[in-house]
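Below is one structure, written out as structure tokens; the observations come after it.
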Amino acid sequence: MPKRLDDHVFDLPVQELRRGYRSDIYFWREKITLETHDLHPEVTMQVFQKKDAVLCGIDEAVAVLKLAAGRFTDYEKAYKLFDELIEHKSKARQLFITNHKAYLNAIEQKMAVSAKLDDLWESGFEHLDVKALYDGDRIAPWETVMHITGDASVFAHLETVYLGILARRTKIASNVRGVVDAANGKIVLYFPARFDHWAVQGGDGYAAHIGGATGVSTDAQAQWWGAKASGTVPHALIAAVGGDTVKAITLFGDAYPDVDLVALVDFDNDCVGTSLKCCEALGDRLWGVRLDTSNTLVDKSIIPLMQNFKPVGVTPQLVEMTRKTLDTNGFGHVKIIVSGGFNPDRIADFEKLAVPVDAYGVGSYLMRGVNAFTADVVLLNGKPCAKVGRAYKPNPRLEVVNSR
């Protein structure tokens, strides 16, 4: 069986999850309504989505249940302590730059309050039966990916959180897998960090790894699965040294002698010529070149060939010319990476034409779309009880995660 990720990897805001701070308010109110009336119905919650997809987020969802399913023994005290916790958290953010000593004091106060909240917390995970698929499993539309069975009052408040996790992670993993499948065994580099909020990088990078991406562009994206980021020289460095690509890649290589050196070669809109110059200057030190021509430009090398093909951006003809030029001049070892607007369809077209690409860098496409998950109560005390159109759907692929 695959090994599930440890709970600590996800750096969950545990107190906030326990209090329902990050949940739709109606789920928190459901929990409190049940507890107020001393109702503890045994339900089976069934989780699914409606696409062919690559599942991701299961381990993180399980961690949410482990750490935040349960109840406070004294809600009045817990509410007051939680408000104090948030106040200390906000205060610490304000003080971080202006008064470091006061900041550390605020953090200590926050931790002390958190410890008091821990003392009031009664875990409920031990009383739940949880069965689930694994991150990386291919799933069919409407297939059950998780069953949670137990007292509804101990985990009702977590529905927003675990569904959101599954939706986000599965979207990324599925998008990446679509690109990986289209790439036909070629390297796929995950480059969308600049297209979304920095806070999502850890989980998104892990989802990209589950989807089959070979490399990611930030260390945060690689942290969950124990890797490091990789990347090329940015356009900004080339501009900072006067627009001289060879100088930029040489300086970069001197600063980072142990990395695979990849030259970004479209700065002058002459990928063939700039690639050759970089190869001549760096020889065996150069691992690859990356073509990233904008889809609003026609590379200089393509202009003489323009006829009945779309000439803008990174075209098959541009890649072929670059490969031929490098091979002819003795630089057959240098790999070609392409980026800029690539998606599964475009990659499949390149592969069908046998374009000599060694790796695809894909960015904004990987953030697109939605993989919405739904959770329904389908059993009450072991008997069918679900809204019209939903029913209990056992799945023999589910594995036991926790058993009472």
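No lab work stands behind these numbers, since they all come straight from the coordinates. Quick caveat: nothing in here was measured; it's all calculated off a predicted structure. Please note: Cβ atoms are built from the backbone with ideal geometry, for glycine as well, and neighbour counts cover all protein chains shown.
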**Report entry** Stretchable slack from VAL370 to ASP129, in nm (0.36 nm times residue separation minus alpha-carbon distance)
**Finding:** 83.9 nm
Query raised in the report: Share of Cα-Cα pairs in the range 289-401 beyond 25 Å, in percent?
Result: 47
**Report entry** 37 °C / 0.692 mPa s Stokes-Einstein diffusion coefficient of the range 1-116, Kirkwood radius on C-alpha pairs, µm²/s
**Finding:** 193
Query raised in the report: Say R0 is 56 Å: what FRET efficiency, to the nearest 0.05, do ASP268 and LYS393 get from their beta-carbon distance?
Result: 0.45
Query raised in the report: Could you list, bin by bin from short to long, the percent of Cα-Cα pairs of the chain in 20 Å steps?
Result: 23, 43, 27, 6, 0
Query raised in the report: What spacing in nm lies between the two simple spin-label points modelled at LYS324 and TYR79, each 7 Å away from Cα in the Cβ direction?
Result: 7.6
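Measure up LYS131/LYS228; LYS131/LYS383; LYS3/LYS186 against 24 Å on the Cα-Cα distance and list the ones that go over.
LYS131/LYS228; LYS3/LYS186, as the Cα separations exceed 24 Å there.
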Query raised in the report: What fraction, in whole percent, of alpha-carbon pairs in the range 172-367 exceed 24 Å separation?
Result: 39
Report summary line: Using alpha carbon centers only, the range 212-284 is separated from the range 1-24 by a whole-angstrom value of 36
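Kirkwood Rh over Cα pairs of the range 93-162 into Stokes-Einstein at 20 °C, 1.002 mPa s: D in µm²/s?
Rounded to a whole number, D works out at 132 µm²/s.
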Report summary line: With a ≥ b ≥ c from the Cα gyration tensor eigenvalues, square-rooted, and the rule rounded for a/c under 1.5, otherwise prolate when a/b > b/c and oblate otherwise, the range 91-228 is oblate
Requested in this report: Work out the FRET efficiency for LEU39 and LEU104 from their Cβ-Cβ distance, taking R0 = 35 Å, and round it to the nearest 0.05.
Outcome: 0.20
Query - ALA115/ASP254 FRET efficiency (R0 60 Å; Cβ-Cβ; nearest 0.05) - result: 0.75
Query raised in the report: Can you give the convex hull volume per residue for the Cα atoms of the range 208-288, as a whole number of Å³?
Result: 110
